């Protein structure tokens with residue numbers, strides 16, 4: 001199955017605060033069972049939030065396999 005993530009869900013995933021049901025979707029993508037698409041605007045909004053010190057993100061090594 002394929003999913004498209006929004007900024008809120010993406011940030012909560014990165015900081016480990018997603019509800020269990022949503023987190024299970026990300027885990028299935030990590031295991032290669034589904035695909036999550038991250039729109040360019042989501043990345044741009046994350047960059048904006050970091051640059052304006054609204055959030056602090058420490059990124060792990062994420063793969064695109």
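Every read-out reported here was derived from the displayed coordinates using simple, explicitly stated rules and does not represent laboratory data. Please read all numbers here as calculations on a predicted model, not as lab measurements. Because the Cβ atoms are built from the backbone with ideal geometry, glycine has one as well, and the counts that use them run over all protein chains shown.
Things to note:
- Just so you know, the Cα atoms of region 2-51 work out to an Rg and Dmax of 11.0, 34 Å.
- Extended-chain gain in nm, criterion 0.36 nm per residue less alpha-carbon gap, residue 15 and residue 55: 13.4 nm
- Highest average first, the peptides 4-17, 38-51 ordered by how many other beta carbon atoms sit within 10 Å of their residues are 4-17, 38-51.
- Stretched out straight at 0.36 nm per residue, the stretch from residue 44 to residue 24 would grow longer than its current Cα-Cα span by 4.7 nm.
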